[in-house]
1. Among the numbered criteria (1) in contact with a strand residue (DSSP E or B) (Cβ under 6 Å, 6 or more places away or on another chain); (2) assigned by TED's automatic domain parsing to the domain that holds B:Glu113, which one does B:Thr185 miss?
2. So, B:Ala206, is that one closer than 30 Å to B:Val20 by Cβ and in contact (Cβ under 8 Å) with a residue 12 or more places away in the chain or not?
3. Within the range B:10-43, can you find the residues that are modelled with pLDDT under 95 and part of a helix (DSSP H, G or I)?
4. Can you tell me how many residues within the range B:97-124 are of a type in the set (Ser, Thr, Tyr) and open to solvent by 40 Å² or more (accessible area, probe 1.4 Å)?
5. Quick check on the range A:207-223: of everything there that is within 24 Å of A:Glu239 (Cα to Cα) and under 46 Å from the mean Cα position of the chain (by Cα), which residue is surrounded by the fewest Cβ atoms within 10 Å (Cβ to Cβ)?
6. State whether the residues of the range B:188-202 include one that is under 23 Å from A:Gly175 (Cβ atoms), more than 9 Å from chain A (Cβ to nearest Cβ) and among the hydrophobic types (A, V, I, L, M, F, W, C).
7. Mind checking which strands (runs of 3 or more DSSP E) fall wholly inside the range B:56-141 and carry at least 1 residues that are under 25 Å from the mean Cα position of the chain (by Cα)?
8. Would you mind stating whether A:Leu146 is modelled with pLDDT of 95 or more, surrounded by 15 or more Cβ atoms within 10 Å (Cβ to Cβ) and either more than 30 Å from A:Leu127 (Cα to Cα) or at the interface with chain B (Cβ under 8 Å from one of its Cβ atoms) (or both)?
2 protein chains.
Amino acid sequence: MAGTDKTQASAHAESGAPAVILVGPQLGENIGMVARAMLNCGLLDLRLVRPRDGWPNPAAEATASGALAVIEGAKVYDELADAVAGLNRVYATTARARDMVKPVLTPRAVASELRAAEAVGDATGFLFGPERSGLDNDDLTFADALVTVPLNPAFSSLNLAQAVLLLGYEWRMAGDATPDRALPTGDSRPATKEELINFLSRLEQALDDMGFFHPVEKRYIMVRNLRNVFQRAEATEQELRTLHGVVSALRGAKLGKGPQD
Amino acid sequence: MAGTDKTQASAHAESGAPAVILVGPQLGENIGMVARAMLNCGLLDLRLVRPRDGWPNPAAEATASGALAVIEGAKVYDELADAVAGLNRVYATTARARDMVKPVLTPRAVASELRAAEAVGDATGFLFGPERSGLDNDDLTFADALVTVPLNPAFSSLNLAQAVLLLGYEWRMAGDATPDRALPTGDSRPATKEELINFLSRLEQALDDMGFFHPVEKRYIMVRNLRNVFQRAEATEQELRTLHGVVSALRGAKLGKGPQD
């Protein structure tokens with residue numbers, strides 16, 4: 001909430017990101033939670049059309065959990081037409097299919113279209129309706145397309161901030177380069193195959209010494225299975241050293257008790 | 001919240017769906033909001049490890065917004081080891097990189113792995129930590145992998161229900177067949193190209209009659225542009241009839257004022 005946090009948060013919010021336009025929002029608490037969800041996703045441009053309880057609203061600041069850059073930058077409009085005036089492409093969120101002929105997209109498809117629009121410099125936005133009723137048909141006429149989150153059809157109602165979060169999340173993911181899977185190894189590094197093979201050889205030798213592989217005709221498959229377990233484990237160089245120590249300790253314990261046991 | 005709603009909601013929750021395991025949840029209100037987010041995504045199996053305020057908790061029912069099937073089916077455990085005992089694969093949510101060597105996946109990659117696990121009959125689950133502190137390192141040792149939502153790095157903190165929602169949403173999307181884009185046409189149907197061409201011919205004829213196309217060497221490009229606008233509009237048969245009426249009305253108005261005007 002300090003000035004530096006806000007600066008940092010702003011710096012990470014991306015220019016060209018879609019505006020979030022709340023039409024007739026009722027509770028300040030919900031506006032605050034929307035601001036938080038927006039900043040989670042790197043969205044900063046909040047527009048309020050006829051907020052029921054006026055603006056600014058202390059209840060919104062209380063629930064924004066520090067997303068004050070969004071709250072303080074919010075713009076207020078009397079008319080939806082003015083709120084969307086500078087935008088080139090607008091998507092309206094609605095849970096229900098209406099008796100209107102308008103494309104209905106998934107959030108993921110919208111995210112892809114938004115990124116394409118941004119890439120050519122177009123300004124975009126999402127419309128969200130009042131908590132209780134959602135956008136009415138007149139509001140929907142301002143939108144290029146509708147977006148519906150395909151949730152459990154028997155229980156699909158989201159609160160306002162959750163709807164903003166899912167749309168913002170899909171937008172963010174559409175431009176995100178995080179690897180699907182990473183294995184941070186801290187101060188160590190992934191073991192080389194040579195290091196792994198050395199460990200496995202030593203383990204197999206120790207097990208041979210202890211008479212572990214019997215009957216002998218099963219040795220091949222037992223060795224193969226052990227090798228696969230340790231291959232899957234993706235051990236670091238550090239962890240292999242620990243495993244060497246484990247083998248030594250167990251051999252010591254075993255020897256301490258006697259070689260036959 | 002009626003019995004029928006619960007039955008319906010349960011019917012739409014999918015068997016094989018991941019369990020949601022909350023370790024040391026603090027506020028009943030948050031457990032209720034988690035239940036709602038779960039049912040939004042079709043998840044029913046809620047497991048609570050040492051809930052701070054005991055269980056059942058009226059505060060949870062109050063915020064579940066009707067997701068009572070989840071609340072009433074919740075199971076309580078003293079130990080995380082018991083809560084995960086029957087599962088084959090477990091993912092732990094954490095916002096921070098820890099000094100542990102464990103794979104870190106995106107929610108989308110996790111969703112893909114979960115669906116693959118379910119396809120072969122494996123039982124899966126998500127771990128979430130206490131609101132304030134998150135999972136501790138001991139908890140994380142029970143997980144196959146970590147999952148981190150790649151949000152705004154300067155403002156990445158989600159509340160518990162939002163984290164459950166994003167994970168559940170990705171799981172749901174990974175098995176969802178909703179078309180990326182649909183155009184519901186209600187009582188009408190998409191116009192045939194013949195109907196569209198007939199309309200365009202009539203419009204162009206009317207504009208020719210009114211001397212709209214001048215200079216004449218620009219007629220070709222003006223016609224092409226008009227045709228493209230109406231192609232993009234994806235009109236239904238009903239809407240084309242309305243547009244025919246618009247042309248007739250405008251011609252009438254124009255003629256009423258005089259052909260030169």
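1. The one condition B:Thr185 does not meet is (2).
2. No.
3. B:Ser10, B:Ala11, B:His12
4. Matching residues across the range B:97-124 total 1.
5. Once the filter is applied, the top-ranked residue is A:Met222.
6. no
7. The strands (runs of 3 or more DSSP E) meeting that bar are B:89-93, B:124-128.
8. Here the answer is no, as A:Leu146 does not meet what is asked.
The values are calculated or read from the model by the stated rules, or taken from the named source; none is laboratory data. It should be emphasised that the depicted structure is a prediction, and the values quoted were computed from it without experimental measurement. Note that each Cβ is placed from the backbone with ideal geometry, even for glycine, and that neighbours are counted across all protein chains shown. What goes into the accessible areas is simple: the full protein's heavy atoms, side chains included, and nothing from ligands, DNA or RNA. Shrake-Rupley method; radii C 1.70, N 1.55, O 1.52, S 1.80 Å.
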